[in-house]
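Colleague: First the structure, then my questions, so here it is.
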Amino acid sequence: MAGSPRPARRAVLVGGLGGFSAAAIAACAPSAPEQPAQQGGGAAAGTDTLTIATTTDVVNFNPTVGNSRSDQWVTGLMYPRLLTIASDGSKEAELATKWGYVDPTTGYYEIRDDFVWSDGKPLTAGDVAWTLNAVKKDAPSGTFYGQLANFVQARAVSDTRVEFTMTTPDSSLVDEIGFWGCVVPQHVFEPAGSIADFANDGSSGGWVSAGPYVLTKVQAGQSYTLDRVAKYPLVEGGVPVAAKVVYRVFPDVNTEILALRSGEADVIANALPPAQVQPLTATDGLAVEKATGLGYAHMVYNMDNPDLAKAQVRQALAHAADYEAIRKVALSGQAVSTGSSPLMPVLAKYHDPSITEYPFDPGASRALLQQAGYSADADGMFGLTFRLIYSLQDSVTSQWAQMVKDSSAKAGIAIQLQGSERNTYLAQTNDGDYDIYAGNFAIMDDPVLNFSLSYLPDGAINYTHVDDAALNDLIGQGAATTDLDEKVGIFRQAAKMVHEQVYDNIMYTQDLFFAHSAEWSGFISRPSELLSIVNPVSVASATKSAG
Amino acid sequence: MSIASFALRRLGRGVLTVWFAVTVTFLLLRLLPGDPALAVSSPTQTEATRALLLTQYGLDKPLAEQYLLYLGQLLRGNLGTSFTQSVPVLDVLAARLPWTILLTVGALVLTVVIGIPLGVLAASRRGGFLDKAVQVFGVTGQSLFVPSIGVLLLFVVGLKLRWAPIGGAYSDGTYGGQWYLSVLHHLVLPGLSLTLVQLGSYVLTLRATLVDALADDYVVLARANGLSERRILWKHALRNALLPATTLIGLQLGFLVGGAVLTETVFAYPGVGRGIYEAVTQLDFPVLQGAFLMLALTVVVANTLTDLVYGWLDPRVKAS
């Protein structure tokens, strides 16, 4: 028939297409390792693989750049922190054994002498000093650099001691660098040039680790495979138990739960949505662990708005939200009141029980607005309309934002809700394009840093746009003293001021829950989603039961 | 018109289309709310650090200069460097492309392999129960949406029946033949989802054109010459009916690529689609520009090939 392709031509066409895709996929086929991948093998060392579910890819393997949870979970298994966080928010030893101040503008860390990079080179104070100086010089975009505002320079005074200088006395710097920073191998990172530009993607001979595991294989979009290292001094027996750890990427937490229930994942790294905690706790074969929350959810009133610049209006808004109902409904009761204070109960040394939560009292709100010169119309509304922004990706906030709107209406205040996707929300926040900001911070562990960032005029997260000389002064005094009792007293005063003036409306700290297969045990839970049961020591200690 | 000038015209049109897609993508990304420096940096970063990042990304330059620099880069075959991953975009895409090819080509082949018998079955039993059943199936298929069918398959086939894995492209720790089996096993659910959403329109188009073809004079003549119904249907009528169906496949490629983005996201399949999803959330402009360029090229090349094949199959197309 005219125009019909001849069979031979067709075969070539179809064969070519098939051959192309087959060749493309064949290029991905892995070959079996020549020898067992695990390098360790002590008495406690097992042969099992621990599969951990996450919802995002690793964006950047350079721990000074990567900001996402997956970045920090995966690179955290390779690059040790100097300090970790205890359940009361205080810092505990990890790589560092001692830390503190030589004088008000000089800090120090003493580090362990038994850490070794996976290529056999010892981890020394030289690596620590080089990492700090390189981050300060090259300004990578991660959280680490944000902690170095008052940092000047570090030097290794011996193989196990680092000292660093500061521009001004800063009583939080040693703790905060110790926790938010990490140590990278100088001999790997230095030849790459700027630490801010180094992808650390393993393309130049793989990865080098001083944590319990080292990355050996990456399939972007699917999984990250890490093999056990020969020696990890922070775990009992000195060798991680699981032979391999695989981080598997799933689209969302619901799919992670399906994977956990089907046995494709052993642990879910992300905190469970409140509504899933009870059902998963009751599911056979699964276990749920609790981790203390170290952050808070809050509403911030933009004082650039003339109405919100009045303390009485902010106080009226603070009395117009039913916090108890929010915790009960939106969080299934899995949250604790902060007493409307930035010094949350979890910060046990700082928390001031005399500061109590704003009671939900629409009548009090109305009285405050009348005192401020506003009068209600026939419908009981005061003619005040505020635009509240929140991220649509945050399902809990999306839920309570509606509750705030409804309860504020009872106080005669109209709230317009504006939920946005994350990037729009970030842009609005950065531009101050809101009346009320609703959001949360995952870790607010150090009052000096948190108050400086949140309430000083040039603070990066001063979303209230507050500039109160008395508060600024208190924060300055608190930052300068290394006397804990004095510092606690100063920050309690500052917190009282924030509470009275409603410079911030801190609503609750969420309790965090993490699910894993009951076949695995031995996890060591630490506060926050960042550490939880996937912190390096916990992962290295996790054991699969026999049979 | 000679085949050479026909091909040249199609090629020229393809180049223009790609340039248009590149330009629109470039502009649209810069119209998105937010900026990449905010998306990648920690909230505790200062304005100075954010400004530094924008300079590093080249986003501090005027739009026209950015555009010209980008076009210059493209002409040199350089897709740029990922903002967030600090690696060449080409490497980012090369790691993901084979999976997208496997998924889309797999779905395409499955569509044709299932679609042709179904279309033939319906057309040859026009008005009968099987024809009606195929039509109901086709219309239902057209109304399917990848995420809904995907989640349903995940729950029923993945969790309840445990016949297929929940996500990913293969099981870690598999090698050689086992690895290939694992790849096929993991392809089942995403491949099925993508096939089901495009199968309906293919079957209905094929059925309609085949019904028309079976009423043509040459079929009557073939019957008069004593050819068997089977031979008439499969050797003569189907060949002609396949022409519009072939065009549909070419046209559907754009839809298929869009469907792959959704499918890969639902099934955590490590292809370009999933990469686009991640890059959108991070506002990684170079990766997005590279991915959309690649997708535009794929669609243009496929459509051009379809045109050329169609012209080769049916000389009347070239003449017009």
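Colleague: Calculate the mean, over all residues of peptide B:154-164, of how many other protein chain Cβ atoms lie within 10 angstrom of the residue's Cβ.
Modeller: That works out to 2 on average.
Colleague: Another question about this same structure. Taking every eigenvalue of the Cα gyration tensor of the protein assembly as shown, multiplying by 5 and rooting it, what semi-axes result, largest first, whole Å?
Modeller: 54, 33, 27
Colleague: Here's a follow-up. Mind putting a number on the dipole of segment B:72-178 about its Cα centre? Charges go on the C-beta only, +1 for Lys and Arg and -1 for Asp and Glu, and I need it in Debye to the nearest 20.
Modeller: Computed about the Cα centre, the dipole is about 320 debye.
Colleague: Please check which bits of segment A:500-533 a label hung off residue A:275 would reach, taking the label as a point 7 Å along Cα-to-C-beta and the cut-off as backbone N under 20 Å.
Modeller: Counting backbone N atoms under 20 Å from the label point, the list is A:510-515.
Colleague: Taking the highest mean first, how do the peptides A:367-379, B:84-96 order by number of other beta carbon atoms within 10 angstrom per residue?
Modeller: Most protected by this proxy first, the peptides run B:84-96, A:367-379.
Colleague: Per residue of B:167-178, how many C-beta atoms from partner chains lie within 10 Å of its own C-beta, taken as a mean?
Modeller: For peptide B:167-178, the averaged partner shielding equals 6.
Colleague: Just tell me which lysines come within less than 28 Å, Cα to Cα, of residue A:136; anything on the same chain fewer than 8 places away is out.
Modeller: Leaving aside lysines fewer than 8 places away in the same chain, those within reach of residue A:136 are A:91, A:98, A:121, A:487, B:61.
Colleague: Could you work out the relative contact order of segment A:70-194? I mean the mean sequence separation of Cα pairs under 8 Å and 6+ apart, divided by the number of residues, in percent.
Modeller: 30
Colleague: On to the next question. Cross-link partners among lysines for residue A:328, C-alpha distance below 22 Å, same-chain residues fewer than 8 apart left out?
Modeller: A:290, A:405, A:410
Colleague: What does the C-alpha gyration tensor say about the overall shape of segment A:261-300? Classify as rounded when a/c is under 1.5, otherwise prolate if a/b is larger than b/c, or oblate.
Modeller: It is prolate, given that a/c is not under 1.5 and a/b is the larger ratio.
Colleague: Averaging over all projection directions, find the projected area of the Cα convex hull of segment B:205-320 and quote it in nm² with one decimal place.
Modeller: Averaged projected area of segment B:205-320's Cα convex hull equals 10.0 nm².
Colleague: Within chain B, which DSSP H helices have Cα atoms that stretch 27 Å or more along the helix axis and a mean Kyte-Doolittle hydropathy of at least -0.5?
Modeller: B:3-31, B:89-124, B:176-214, B:238-266, B:285-313
Colleague: Once you order the gyration tensor axes a ≥ b ≥ c over the Cα atoms, which shape class does segment A:82-191 get: rounded for a/c under 1.5, otherwise prolate or oblate by comparing a/b with b/c?
Modeller: Rounded.
Colleague: In addition: With the convex hull built on the Cα atoms of segment B:92-155, state its orientation-averaged projected area in nm².
Modeller: Its Cα hull, projected and averaged over all orientations, spans 5.8 nm².
Colleague: What shape does chain B take by its C-alpha gyration tensor, where a ≥ b ≥ c are the square roots of the eigenvalues and a/c under 1.5 counts as rounded, a/b above b/c as prolate, and the rest as oblate?
Modeller: It is oblate, given that a/c is not under 1.5 and a/b is not larger than b/c.
Colleague: Take peptide A:457-465, look around each residue's Cβ out to 10 angstrom, count Cβ atoms belonging to other protein chains, and average those counts.
Modeller: 2
Colleague: Explain nothing, just the number: relative contact order of segment B:12-140, from Cα pairs under 8 Å at least 6 residues apart, as a whole percent.
Modeller: 10
Colleague: Between the helical axis of A:469-480 and the dominant principal axis of chain A, each derived from Cα atoms, what acute angle in degrees is found, rounded to the nearest 10?
Modeller: For A:469-480 against chain A, the angle is about 40 degrees.
Colleague: Rounded to a whole number of µm²/s, how large is the Stokes-Einstein D of segment A:452-547 at 4 °C and 1.567 mPa s, given Rh as the Kirkwood radius over C-alpha pairs?
Modeller: The calculation lands on 78 µm²/s.
Colleague: Using a simple spin-label model with points 7 Å from Cα along the Cα→Cβ vector, what separation in nm is obtained for residue A:518 and residue B:145?
Modeller: 3.8
Colleague: Another question about this same structure. Please work out the FRET efficiency for the pair residue A:325 and residue B:215, using the Cβ-Cβ distance as r and a Förster radius of 56 Å; give the result to the nearest 0.05.
Modeller: 0.20
Colleague: Can you return the aspartates and glutamates within cross-link range of residue A:544? Criterion is Cα-Cα under 12 Å, with same-chain partners fewer than 8 residues away left out.
Modeller: A:48, A:266, A:519
Colleague: Additional query: Using alpha carbons only, what's the Rg to Rh ratio of segment A:190-331 with Rh from Kirkwood?
Modeller: 1.13
Colleague: Follow-up. Hey, what did chain A get for relative contact order, percent, Cα under 8 Å, at least 6 apart?
Modeller: 19
No value in this document is a laboratory result; all are computed from the given coordinates. From a predicted model like this one, the values you see are computed outputs, not experimental measurements. Because the Cβ atoms are built from the backbone with ideal geometry, glycine has one as well, and the counts that use them run over all protein chains shown.
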